[in-house]
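A quick write-up on the structure given underneath.
The values are calculated or read from the model by the stated rules, or taken from the named source; none is laboratory data. Source: prediction; values computed, not measured. Cβ coordinates were reconstructed from backbone atoms using ideal geometry, including for glycine residues, and neighbour counts include every protein chain displayed.
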Ligand code: MOS
């Protein structure tokens, strides 16, 4: 029998968003849109120094503002929190209202609660704070920072052979340093929290990509049972890693208890830069040693990342870079550098975006050193085996991606010499780089119900963070049950529903589609067994395993069938099931841990059977103006192979969004820091540059068909993050081809090319 994935999904069966109309008409409720009775409003007071202590609060002027109900500061909250909020790595992080200590500029130090948003805001500006300031350390190179060893997410530095000796003896060497800048997510939907108590029960409306995590973390901080807390986020207006459990939520719950009313809190765009996580700046030292044939002999990658003073959080992208190419000698290390900054966190392809910039830039440098086409260099080092663990890749179609992208792009028109492809006043350059992302997945549970009129209901706590999750669930259930998507209702975004792992690490499709398949398969099996047993069914006596649900019928390949309604009538007119999916190789108790809010994710590099990654290739054309050095990207072609694609329309859009963000990461985005005061200076959407349509005129996406029978039952490898990975390097590589100038520090700006 044909595999489930082939039967259910194909690249020529796109599906429009089932929630599209709700979103464009405003019917979709985001967390801050939820109505609560008679809310009070909170506004945060944030620190204006980056390091030191608060010596005094003067609150009289603020308290005098009409409508002010309460002002929470460290002096009056007592031990309202029983447990400190954790950083994104589960470790310690900066505090907020717990003490007079200032860890970073823009730290929440007081919450004003008032009858109206306006009153709260006015009072917040009237809070006077005296500080005992100290000289802050903003970032790398400041003498006040401290550095220590860290680890990649797998917990183990990838290492094989003797990389130092192999590098020393290599015929061709690249030894270079790279850096990537501070970046902030800036999702359209602002960060917000609304908390409402009913007796001992707390309801939280908070945009979260991990409902059970938000519930569990907040309950633990408040010292109450998790089942007294309900977290709701029906829609999330963009997350990209920034919307997990956070230190803000519990304080709003405390505020709501103190004023005896629901409290609504929306973080301003500016405050979002310092009160939530971001992508910290990184530095890299890459050493590649190769033979004259271009085969890698040694790969060394050392990363340095900024974090806050108390947090050891790093992204540790060596898990990926060590596994990209065949190489017998590999050594890696990751270091965390503590500065007076807010704690960073996940941002789209957190490890791969900066670390692959370094590796793929170095690979390009190696190709030039060898006078080899950079795609040919990748081909010579391609492998079907994880070079660190020796495990097979679950599937790897990297060179197919390069070949398809090269054909579409016209790569064969590339003239090798830098600066040799001038057109009029423009220097033209072609560049390429590899994209990758580990195929992660986690436990998920769902309730599926099918009723007599051919309608289905699927309920799970899952997350619509803008990725098309409602459509993915409706589509999967619809195809499994033989119903049109419009006949499937999906309820998500509520921690009272069956738990689903974090919508992060590009794991959502694999985790939720596999559990929905399981639930639907259970329903099909029940209907099939009943029909097979029944004397009056046209399907009587047939093998239940050979009966499928399609087109509103239960049917057999022979053509025999009966209407769904009839099949359902035999089991009481309704079939309902609860399904759990725990990825093979994960302990069964990861499901109960998940329901307590503990993150359980099976990483693509953490498996015993295979190493699982999706791969892709970016090919770009860059034009640099011969006189002004203006940099344009007239076209990009990116090809990806990510196993089964559930919804090609959503996948295309995800890939494209990622590719555009990669262009942004290469040429536009940079959170500028005033080093003297360790303060972000462009904390708004006007000064934080992102590409507009004119910056991305032609972004082409190719989906390379790939069947992966090992990664999970449906063969899904995930698509949410891979699109951004490597694009920054492809652009830097194209800039080199255009100008002969190697830019190793992002973002690339006109001023970096003036002397090229
Ligand atoms: Mo993503 S950065 O794993 O939400």
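Residue by residue, here is whether (1) over 30 Å from residue 439 (Cα atoms); (2) in the same structural domain as residue 340 (by TED's automatic domain parsing); (3) touching a helix residue (DSSP H, G or I) at 6+ places or on another chain (Cβ under 9 Å) holds:
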{"residue": "153", "(1), (2), (3)": "no, no, yes"}
{"residue": "169", "(1), (2), (3)": "yes, no, no"}
{"residue": "176", "(1), (2), (3)": "no, no, yes"}
{"residue": "208", "(1), (2), (3)": "no, no, yes"}
{"residue": "216", "(1), (2), (3)": "no, no, yes"}
{"residue": "222", "(1), (2), (3)": "yes, no, yes"}
{"residue": "225", "(1), (2), (3)": "yes, no, yes"}
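Among the residues of segment 404-451, how many are free of Cβ contacts under 8 Å to residues at least 24 places away in the same chain, under 34 Å from the mean Cα position of the chain (by Cα) and part of a helix (DSSP H, G or I)?
Just the residues of segment 404-451 that are free of Cβ contacts under 8 Å to residues at least 24 places away in the same chain, to begin with: 407, 410, 412-413, 415, 417, 420, 424.
Still in the list and also under 34 Å from the mean Cα position of the chain (by Cα): 407, 410.
Imposing the further condition that a residue be part of a helix (DSSP H, G or I) reduces the set to 407.
The qualifying residues number 1.
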Open item on the list: With modelled with pLDDT under 95 and more than 16 Å from the ligand (Cβ to nearest atom) as the only criterion, which of 478, 452, 429 stands out?
Closed with: 452
TODO: Would you be able to say whether some residue in segment 140-162 is touching a strand residue (DSSP E or B) at 6+ places or on another chain (Cβ under 8 Å), in a helix (DSSP H, G or I) and modelled with pLDDT of 95 or more?
DONE: no
Open item on the list: Quick check on segment 663-674. Is at least one of its residues closer than 30 Å to residue 513 by Cα, within 19 Å of the chain's Cα centre (by Cα) and not in a loop (DSSP other than H, G, I, E, B)?
Closed with: no
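Here is a check on your reading of the model: is residue 506 in a loop (DSSP other than H, G, I, E, B), crowded, with 18+ Cβ neighbours inside 10 Å and within 16 Å of the ligand (Cβ to nearest atom)? Spell out how you get there, then give the answer.
On the way: in a loop (DSSP other than H, G, I, E, B): yes; crowded, with 18+ Cβ neighbours inside 10 Å: yes; within 16 Å of the ligand (Cβ to nearest atom): yes.
So residue 506 fits the description; yes.
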TODO: From the list 108, 102, pick out the single residue that is buried (at least 16 other Cβ atoms within 10 Å of the Cβ), within 30 Å of residue 600 (Cβ to Cβ) and in contact (Cβ under 8 Å) with a residue 24 or more places away in the chain.
DONE: 108
Task: Condition broken by residue 280, with the remaining ones in (1) buried (at least 21 other Cβ atoms within 10 Å of the Cβ); (2) modelled with pLDDT of 95 or more; (3) more than 16 Å from the ligand (Cβ to nearest atom) satisfied - done: (3)
Task: residue 343 vs. criteria more than 23 Å from residue 429 (Cβ to Cβ) and within 16 Å of the ligand (Cβ to nearest atom) - done: yes
Task: Members of segment 455-473 that are more than 16 Å from the ligand (Cβ to nearest atom) and under 22 Å from the mean Cα position of the chain (by Cα) - done: 460, 461, 470, 471, 473
TODO: List every residue pair whose Cβ atoms sit under 7 Å apart, with the two residues 6 or more apart in sequence or on different chains, where the first one lies in segment 329-348 and is not assigned by TED's automatic domain parsing to the domain that holds residue 723 and the second, anywhere, is surrounded by fewer than 24 Cβ atoms within 10 Å (Cβ to Cβ).
DONE: none
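Just checking, does segment 729-737 include any residue being closer than 30 Å to residue 476 by Cα and crowded, with 24+ Cβ neighbours inside 10 Å?
Among the residues of segment 729-737, not one is closer than 30 Å to residue 476 by Cα and crowded, with 24+ Cβ neighbours inside 10 Å, which makes the answer no.
Would you confirm whether any residue within segment 683-694 is within 16 Å of the ligand (Cβ to nearest atom) and assigned to a loop (DSSP other than H, G, I, E, B)?
Step one: of segment 683-694, the residues within 16 Å of the ligand (Cβ to nearest atom) are none.
Checking segment 683-694: not a single residue is within 16 Å of the ligand (Cβ to nearest atom) and assigned to a loop (DSSP other than H, G, I, E, B).
Give me a count of the residues in segment 346-399 that are outside any helix (DSSP H, G or I) and within 16 Å of the ligand (Cβ to nearest atom). Don't jump to the end; show me each part of the working.
Filtering segment 346-399 down to residues outside any helix (DSSP H, G or I) leaves 346-351, 371-373, 381-397.
From what is left, the residues that are within 16 Å of the ligand (Cβ to nearest atom) are 346-351.
Residues flagged as outside any helix (DSSP H, G or I) and within 16 Å of the ligand (Cβ to nearest atom) within segment 346-399 amount to 6.
Is it the case, given these coordinates, that residue 449 is crowded, with 24+ Cβ neighbours inside 10 Å and over 22 Å from residue 666 (Cβ atoms)?
Numbers: crowded, with 24+ Cβ neighbours inside 10 Å: no; over 22 Å from residue 666 (Cβ atoms): yes.
Taking the combined requirement at face value, the residue does not satisfy it.
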TODO: Go through the residues of segment 512-523 one by one and say whether even a single one is within 16 Å of the ligand (Cβ to nearest atom) and either assigned to a helix (DSSP H, G or I) or surrounded by 22 or more Cβ atoms within 10 Å (Cβ to Cβ) (or both).
DONE: yes
Open item on the list: With the structure loaded, tell me whether residue 685 is surrounded by 20 or more Cβ atoms within 10 Å (Cβ to Cβ) and touching a residue at least 24 places away in the same chain (Cβ under 8 Å) or whether it fails that test.
Closed with: no
Open item on the list: Quick check on my filter: what residues within segment 557-589 are under 42 Å from the mean Cα position of the chain (by Cα), surrounded by fewer than 19 Cβ atoms within 10 Å (Cβ to Cβ) and not in a loop (DSSP other than H, G, I, E, B)?
Closed with: 565, 574, 576, 577, 578, 580
Open item on the list: Going by what's in this entry, would residue 316 be described as assigned to a helix (DSSP H, G or I), within 16 Å of the ligand (Cβ to nearest atom) and surrounded by 22 or more Cβ atoms within 10 Å (Cβ to Cβ)?
Closed with: no
- [ ] Considering only segment 484-503, state which residues are touching a strand residue (DSSP E or B) at 6+ places or on another chain (Cβ under 7 Å), away from the ligand (no atom under 16 Å from the Cβ) and closer than 21 Å to residue 28 by Cα.
- [x] 487, 488, 489, 490, 491, 494, 495, 496, 497
Open item on the list: It is to be established whether one or more residues within segment 67-81 are farther than 27 Å from residue 681 by Cα, within 32 Å of the chain's Cα centre (by Cα), touching a residue at least 12 places away in the same chain (Cβ under 8 Å) and buried (at least 20 other Cβ atoms within 10 Å of the Cβ).
Closed with: yes
- [ ] For segment 222-244, indicate whether the set of residues that are in contact with a strand residue (DSSP E or B) (Cβ under 8 Å, 6 or more places away or on another chain) and closer than 30 Å to residue 672 by Cα is non-empty.
- [x] yes
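Just the residues that are assigned to a loop (DSSP other than H, G, I, E, B) and crowded, with 24+ Cβ neighbours inside 10 Å, please, taken from segment 323-345. Spell out the reasoning first.
Going residue by residue through segment 323-345, those that are assigned to a loop (DSSP other than H, G, I, E, B) are 323-329, 339-345.
Across segment 323-345, the qualifying residues are 323, 324, 327, 339, 340, 341, 342, 343, 344, 345.
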